[in-house]
Amino acid sequence: MRRTNTWVLGATPEIDLRVYDREDHTIDPVEVRLSIETPTGEVLTFSGMDLQTASGYLYYIYHPTVRGWYSYEVWAKDVNGVEGTSDVCDANGFEIVDIIGN
């Protein structure tokens, strides 16, 4: 059984980018940036054409290359220039392992 936010090396986690305004309403942002910190400390940033859309939300398919914990955050701006927040997942990250135990 897969633990929440745990993937085997070689998998491609999908990071959902549901963005909300300060009143907790879903917004369709005009600008979004996803930053992922790898287990080695490298910070990767994705935006614009890097992000995919489907059924009213944004997502990014990531291809991790090393084991460990990957943390991430999303920054967004709506049409009025107001910054929003994201509700991506509870831990705002995921772990890459060799083998998942039961």
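The values are calculated or read from the model by the stated rules, or taken from the named source; none is laboratory data. Keep in mind the model is a prediction, meaning the values are calculated, not measured. We place every Cβ from the backbone using ideal geometry, glycine too, and count neighbours over all the protein chains shown.
So the values come out like this:
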{"quantity": "Residues located in region 10-23, provided they are more than 17 Å from the chain's Cα centre (by Cα) and modelled with pLDDT of 75 or more", "calculated": "Gly10, Glu23"}
{"quantity": "Restricting region 51-81 to residues that are farther than 19 Å from Leu9 by Cα and loosely packed, with under 13 Cβ neighbours inside 10 Å, the residue that is modelled with the highest pLDDT", "calculated": "Gln52"}
{"quantity": "Within region 1-69, strands (runs of 3 or more DSSP E) holding 1 or more residues that are in contact with an Asp or Glu (Cβ under 9 Å, 6 or more places away or on another chain) and β-branched (Val, Ile, Thr)", "calculated": "6-8, 31-37, 43-47, 57-61"}
